[in-house]
Amino acid sequence: MLNQTELKTLNKGETVDHFLLVRKIETKLTKANKEYLYLELSDASAYITANIWDNVVSVSSIINAGTIAKVKGTIDDYQGTPQIKVNSILPARAEDRISNLDFLPKSKRNFDEMKNEFEEKINSITNKYLKELLQAIFNEEGFKKFSSAPAGKSWHHSYIHGLLEHTLEIIRICDLMCDIHSELNRDLLITGAMLHDFGKTEELSFDASFDYTTKGKLLGHIVISAMLIDKAADRIKDFPSDLKDCLIHLVLSHQGKLEFATPVVPKTLEAIALYQADELSAKVNAYKNALREIKTSTGWTKYLSLISTELYNHGISSSQDEGPNKTLFD
């Protein structure tokens, strides 16, 4: 069992003597065309970057993405963003008894509570065809894979149980929309919410680190999900074809825009509700994690190319006498 100070608690000048997971390692060039190594190093609490200027060839020959390394150095910063000034970096040895699982972040929500909530949502579906479909897909093996998976490699809900947490957030948003808009077909919308990202159980690998599988790179989670639903529905006697088409449309359109790699844009009320719920859950989680992980002295994160902006942590409390707001999950 890994027993060391969490990376996120270290401040400038403090010593690093840690086992860390190498999330990324790239050879880059300085303006003078000298090679150096850029690394992203993490424990389960956060990640931090490092540059190695010397012994580039020898280090890159023993350190790869996915390597657990013993890193010694100090916390420094570059333009207000923490970095590790590396004195030495070596691969962990077998006798260190360190597992990659020690470095995979996990959801802060209680797993048993999430599991019970998810089961309650399946039981709340009244359409017999949709309920049977959900029970078939989320059988013991299916739910085990689904509930263990992250929702993404690095951007949002990128931790063990993250896909389950993300899905439950979307379900709650969709339930709220159904309370506001009676025209929405709740059974269809909630089933779509439960299944929209199921393909990530095959798109992503998450046993040692978070990465894309060959199948995931070739097909993507949207297509994988749609294919799975199509096959499962065909095994259910008399499953209505229009119901299946509308359900698969929810999956195919849930990323909203063609430029976001969605095969079709939302064309039903339920589809637009699911797209917006997915966006809200994913973006708030991603922005929250960026603000927490990318610490700077200015309150601003570094420029995030994925969203084409920096983010600002204002630090304003919701109340002078109280801590953070309670959530629906508290």
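Read-outs throughout are calculated quantities, based only on the coordinates presented, and are distinct from any laboratory measurement. This is a predicted model, so every value here is computed, not measured. Positions of Cβ are backbone-derived with ideal geometry, glycine not excepted, and every protein chain shown enters the neighbour counts.
Just going by the charge dipole of the chain, with Lys and Arg at +1 and Asp and Glu at -1 on Cβ, which of His249, Gly66, Trp155 is farthest out on the positive end? My answer, from the dipole projection, is Gly66.
In the chain, the longest principal axis of the Cα atoms and the axis of helix 162-180 are about 40 degrees apart. The trypsin sites (Lys or Arg not before Pro) of the stretch 207-294 that DSSP puts in a loop, and whose beta carbon has at most 15 other beta carbons within 10 Å, are Arg235, Lys237, Lys257, Lys267. Helix 128-137 versus the longest principal axis of the chain: what angle, 0 to 90°, nearest 10, using Cα atoms? With both axes taken from Cα atoms, the answer is about 30 degrees.
Equivalent-ellipsoid semi-axes for the stretch 156-199 (Cα gyration tensor, √(5λ), whole Å, largest first): 22, 11, 6.
Suppose a student asked you for the relative contact order of the chain, using Cα pairs under 8 Å spaced at least 6 residues apart; what percent would you report? Relative contact order for the chain comes out at 12 percent. Spin-label model, Ala94 to Leu258: label points 7 Å out along the Cα-to-beta-carbon direction sit 5.5 nm apart.
Two numbers describe the Cα atoms of the chain: Rg and Dmax, which are 22.1, 69 Å.
A simple spin-label model places pseudo-atoms 7 Å from Cα toward Cβ; at Glu6 and Ser61 they are separated by 3.9 nm. Averaging 1/r across all pairs of distinct Cα atoms in the stretch 104-288 and inverting the result yields a Kirkwood radius of 16.3 Å. Database remark: amide H of Leu304 closer than 5 angstrom to the amide H of Thr309, Glu310 (H placed geometrically; neighbours at sequence offset of 5 or more, or on other chains; Pro and chain starts carry no H).
Percent of Cα pairs in the stretch 7-102 per distance bin of 5 Å, from zero to the largest separation: 3, 13, 26, 25, 19, 10, 3, 1, 0. Restricting to the chain, compute how many DSSP beta bridges are antiparallel as a %, nearest 5. Roughly 90 percent of the beta bridges in the chain run antiparallel, per DSSP. Computed extension length for Glu141-Tyr303: 54.2 nm, one decimal, from 0.36 nm per residue of separation with the Cα-Cα distance subtracted. Note on Glu14 and Lys128: the extension gain reaches 35.1 nm, defined as 0.36 nm multiplied by sequence separation minus the Cα-Cα distance. Note: relative contact order over the stretch 221-276, using C-alpha pairs below 8 Å and six or more positions apart, is 28 percent.
Per-residue Karplus couplings for the stretch 264-271, computed as 6.51 cos²θ - 1.76 cosθ + 1.60 with θ equal to phi - 60°, are listed in order as 9, 7, x, 10, 10, 4, 5, 5 Hz, Gly and Pro entered as x.
Seen against the Cα atoms of the chain and their longest principal axis, helix 186-195 is set at about 30 degrees.
The calculated 222 nm mean residue ellipticity attributable to helices in the chain amounts to -12500 deg cm²/dmol, summing -39500 (n - 2.57) over DSSP H runs of n ≥ 4 and dividing by all residues.
For the pair Leu269 and Ser317, the difference between a 0.36 nm per residue extended length and the Cα-Cα distance amounts to 13.6 nm. Inter-label distance, Thr214 to Asp54: 4.2 nm, where each label sits 7 Å from its Cα along the C-beta direction.
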